[in-house]
Amino acid sequence: MTTLDLGRPMLRLGPAGRPLLLLDARSTALCAGLWTATTLLAAWAVLSGAAGITAAEGLAALVGRGDDYTTMIVAEWRAPRIVMAVLLGACLAISGALFQNLTANPLGSPDVIGFQTGSYTGALVVMLLLGGGTTAVITGALVGGLVTAAIVFALASRRGAVRGVRLIIVGIGVSAMLASVNVWILLTATVEDAIMASLWGAGNLSGMSWPLVVPTVLVSIAFLVAAALLARPMTVMQVGIPFATALGQNVRAVQIAAIVVGIGLIALSTATVGPVSFIALAAPQIARRLVRADGLALGPAAALGALLLLLADVIAQRIDPDSPLPVGIVTVSIGGVYFLWLLIREGRTR
């Protein structure tokens with residue numbers, strides 16, 4: 001273990017003179033702890049429930065050696081849901097971290113400044129008005145998020161610059177208008193379609209299957225790799241735009257790429273399970289506080305987002321086994337308290 005000038009303990013991997021990789025010790029330990037907790041919670045979620053499964057039966061079903069009933073419960077119903085919760089929780093957290101870094105404001109989350117609502121609008125237009133399938137809905141969510149971002153940034157721009165507070169205020173206003181549009185779309189749809197879209201719009205992980213999980217994993221990997229590549233230039237930008245420019249960094253290109261990646265991650269989540277609020281807002285901030293760093297902390301944020309969404313889904317399924325709740329209701333209930341605390345804290349510091 002060594003220490004950089006920042007005074008933070010680092011883990012070095014490789015030769016002592018020229019290490020191949022330097023890892024923040026506290027961040028690494030936090031990620032290990034969070035992923036361990038996520039793994040244990042996932043194992044418990046696979047085995048528990050109305051149909052109790054033993055550890056041996058669950059393992060046999062996962063490796064394809066279980067009986068038909070156990071395989072159906074574990075491998076076809078529970079496992080895809082758990083994988084999707086972990087994956088999308090990480091995607092939401094990283095999206096929130098990117099936008100909070102861009103706006104330099106803890107409230108600069110895609111579900112606060114309207115991008116998630118815009119993705120929901122795009123998905124609803126394709127789903128209810130155009131009758132598109134899964135791929136078309138994902139595309140519609142991405143386009144809706146990008147168009148909403150363009151509108152919000154255009155309205156929030158002043159003399160060619162965008163301030164974090166102004167962006168948030170404009171985003172909240174645009175989000176409110178888009179929410180009205182979403183209600184209008186639901187009212188014009190048939191009763192059956194409106195009910196299905198409303199259940200989906202509450203954020204729902206039920207009905208997950210491997211044919212849906214596999215393409216979602218592939219698309220999310222592309223966005224997550226892009227986010228990892230943006231971590232270093234965005235960390236440099238955090239020191240100051242003039243400093244980053246002096247180092248030869250194309251600041252505008254990095255900002256645009258971060259916006260596209262952030263919206264892509266939130267759109268993928270929205271199109272797959274509906275809008276799941278507050279994970280993108282809370283996970284990056286809690287991760288930074290645990291790491292005690294002001295940077296992106298993408299690794300801890302992703303690990304915490306995965307744990308939070310999986311925990312919320314487990315609570316949603318088991319709080320009333322006879323009538324499971326959509327996961328979005330649980331995240332909103334928990335996130336509302338956090339959001340209120342954050343507003344009070346921000347008000348006191350200004």
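The values are calculated or read from the model by the stated rules, or taken from the named source; none is laboratory data. What you see is a predicted model; the values in this text were computed from it and never measured. Glycine also receives a Cβ, built like all others from the backbone with ideal geometry; neighbour counts cover every protein chain displayed. In case anyone asks, the SASA skips ligands and DNA or RNA and just uses the protein heavy atoms, side chains included. Shrake-Rupley method; radii C 1.70, N 1.55, O 1.52, S 1.80 Å.
For this structure, a couple of remarks:
- Selection status of ALA75, without any contact (Cβ under 8 Å) to a residue 12 or more places away in the chain, touching a helix residue (DSSP H, G or I) at 6+ places or on another chain (Cβ under 7 Å) and part of a helix (DSSP H, G or I): no
- Residues that are surrounded by fewer than 17 Cβ atoms within 10 Å (Cβ to Cβ) and farther than 17 Å from ALA85 by Cα within region 298-341 comprise ILE319, ASP320, PRO321, ASP322, SER323, SER333, GLY336, VAL337, TYR338, LEU340, TRP341, listed in sequence order.
- GLY295 vs. criteria of a type in the set (Gly, Ala, Ser), over 30 Å from ALA136 (Cα atoms), outside any helix (DSSP H, G or I) and open to solvent by 10 Å² or more (accessible area, probe 1.4 Å): yes
- Failed condition for VAL112, given (1) over 18 Å from the mean Cα position of the chain (by Cα); (2) buried (at least 18 other Cβ atoms within 10 Å of the Cβ); (3) of a type in the set (Val, Ile, Thr): (1)
- Qualifying residue in region 154-167 (condition: assigned to a loop (DSSP other than H, G, I, E, B) and closer than 19 Å to PRO110 by Cβ): yes
- Residues of region 29-78 that are open to solvent by 40 Å² or more (accessible area, probe 1.4 Å) and either among the hydroxyl-bearing types (Ser, Thr, Tyr) or touching a Cys at 6+ places or on another chain (Cβ under 7 Å) (or both): THR36, THR39, THR54, TYR69.
- Which numbered condition ALA222 misses (of (1) closer than 19 Å to VAL137 by Cβ; (2) at pLDDT below 90): (2)
- Scanning region 213-247 for residues that are closer than 17 Å to PHE99 by Cα and not in a helix (DSSP H, G or I) yields a count of 1.
- When residues of region 144-161 are limited to those that are touching a residue at least 60 places away in the same chain (Cβ under 8 Å) and either closer than 11 Å to THR270 by Cβ or open to solvent by 70 Å² or more (accessible area, probe 1.4 Å) (or both), the one nearest to the chain's Cα centre (by Cα): GLY145
- When ALA104, ALA149, ALA93 are checked against the criterion of being within 30 Å of ALA43 (Cα to Cα) and among the small types (Gly, Ala, Ser), ALA93 stands alone in meeting it.
- ALA197 being part of a helix (DSSP H, G or I), open to solvent by less than 30 Å² (accessible area, probe 1.4 Å), over 18 Å from VAL260 (Cβ atoms) and touching a residue at least 12 places away in the same chain (Cβ under 8 Å): yes
- Pairs where the first residue, in region 202-218, is more than 26 Å from VAL332 (Cβ to Cβ) and open to solvent by 60 Å² or more (accessible area, probe 1.4 Å) and the second is among the charged types (D, E, K, R) and part of a helix (DSSP H, G or I), C-beta under 8 Å, 6+ apart: TRP210/GLU76
- Out of LEU247, LEU229, LEU265, LEU224, sole residue that is open to solvent by 40 Å² or more (accessible area, probe 1.4 Å) and under 14 Å from the mean Cα position of the chain (by Cα): LEU224
- Index of the failed condition, SER95 passing every other in (1) touching a Gly at 6+ places or on another chain (Cβ under 6 Å); (2) open to solvent by 20 Å² or more (accessible area, probe 1.4 Å): (2)
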